[in-house]
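The values are calculated or read from the model by the stated rules, or taken from the named source; none is laboratory data. Here the structure is a predicted model, which means the values were calculated and not measured. Using ideal geometry, Cβ is built from the backbone for each residue, glycine included, and neighbour counts are taken over all protein chains shown.
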């Protein structure tokens, strides 16, 4: 499993970059001889199920949960003041979106809660395949985790994660038309989940899920994250396997393998496979940089793509209504989340959410749902009927929403400071 708290997780990019492996990552302990023999039997079966040759360069080992958490804490302690300021700014931005609580600390969430829930991982740089635990016994749950991670090692051997990552960076369109840096992870994780399921069915039969529940005797534990972050994280493990399963049902692993040369371009294509086949990409334009308007006392933190799934995730988090959220996200044509922070106080931020739509009707449907979100929050809107703009204020929040009927575009600007909003509006 790769560490990726994605999108809202864009908030955790600084930390993720520091803690994704490297020379300081604790070396896993070798498995006992009898357990290692079983692991290689698992690897052989996964190879047979997936139709890819075993990757002999991968070295297996185990790592205790406490050792992993200690590593995460050490990496957090080594963050520079600038990196801590970035995390503080992301925390403030997500609070302005109201997708995390006023007391939530993003740095702590991604360290303690995520790190405490990892069951296994494959580290491409080190070629380490790691099971989190003492490694002395392999139960059914451990076996399925290993099957998932072996699937990643087979992908690395066949397609090369380094090659895929470089390709994704090169092909991702910064204007927002493509999201390959996200969809490549979606493809590899979806592939591994489908492989894990097929392995379980081959080894344990069609009732394998019931057997796994009987062995565990408890429901699967999820990290204690705000639901927006949790849903964003599990996109790769819920929606992405459905995309890959559709490819597999269409033509087996041959079609899945072909997707590595022609991956989905956006999360919209993942959610709507017909748009993947039609190669429909984003059609909007990235927002302008607001740095000059804000002045020298401010810094542009990041502009991250905000895909159809992110719109859905935001809308369902705020409304609790999946159908309304689906309607709000439908017709997505492009999206970006830009964050700026004060150099003196990183908790002072300006956030711009820019969304483009395929048609005015799609835009209007989003605006109806967004209006419901503001109504749920109880904010009082200020605007004029002849102007395509509304403004509102709440505690620590100064905001405006603009829409454009000509370009089918919505821009939402939210700032912690009234003067900062005035500069960018």
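Descriptive notes on the structure:
Yes/no matrix, rows are residues, columns are (1) outside the structural domain of residue 194 (by TED's automatic domain parsing); (2) in a helix (DSSP H, G or I); (3) buried (at least 19 other Cβ atoms within 10 Å of the Cβ); (4) more than 18 Å from the chain's Cα centre (by Cα):
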{"position": "96", "(1), (2), (3), (4)": "no, yes, yes, yes"}
{"position": "100", "(1), (2), (3), (4)": "no, no, yes, no"}
{"position": "111", "(1), (2), (3), (4)": "no, yes, yes, no"}
{"position": "117", "(1), (2), (3), (4)": "no, no, no, no"}
{"position": "126", "(1), (2), (3), (4)": "no, no, no, yes"}
{"position": "142", "(1), (2), (3), (4)": "no, yes, yes, yes"}
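- In this structure, residue 401 does satisfy being under 28 Å from residue 283 (Cα atoms) and touching a strand residue (DSSP E or B) at 6+ places or on another chain (Cβ under 6 Å).
- Elements of type helices (runs of 4 or more DSSP H) in the stretch 189-280, at least 1 residues being in contact (Cβ under 8 Å) with a residue 24 or more places away in the chain, surrounded by fewer than 18 Cβ atoms within 10 Å (Cβ to Cβ) and under 14 Å from the mean Cα position of the chain (by Cα): 227-259
- Tally of residues being over 16 Å from residue 68 (Cα atoms) and touching a strand residue (DSSP E or B) at 6+ places or on another chain (Cβ under 7 Å) across the stretch 126-147: 4
- So residue 155, is it at pLDDT below 90 and surrounded by 24 or more Cβ atoms within 10 Å (Cβ to Cβ): no
- Residue match in the stretch 378-387 (condition: in a strand (DSSP E or B), more than 27 Å from residue 309 (Cβ to Cβ) and modelled with pLDDT under 95): yes
- Exclusive hit being within 19 Å of residue 199 (Cα to Cα) and out of contact with any strand residue (DSSP E or B) (no Cβ under 6 Å at 6 or more places or on another chain), set 245, 269: 245
- Residue within the stretch 309-324 that is under 30 Å from residue 157 (Cβ atoms), surrounded by fewer than 23 Cβ atoms within 10 Å (Cβ to Cβ), touching a helix residue (DSSP H, G or I) at 6+ places or on another chain (Cβ under 8 Å) and modelled with pLDDT of 95 or more present: no
- When residues of the stretch 390-425 are limited to those that are touching a residue at least 40 places away in the same chain (Cβ under 8 Å), more than 29 Å from the chain's Cα centre (by Cα) and assigned to a helix (DSSP H, G or I), the one surrounded by the most Cβ atoms within 10 Å (Cβ to Cβ): 420
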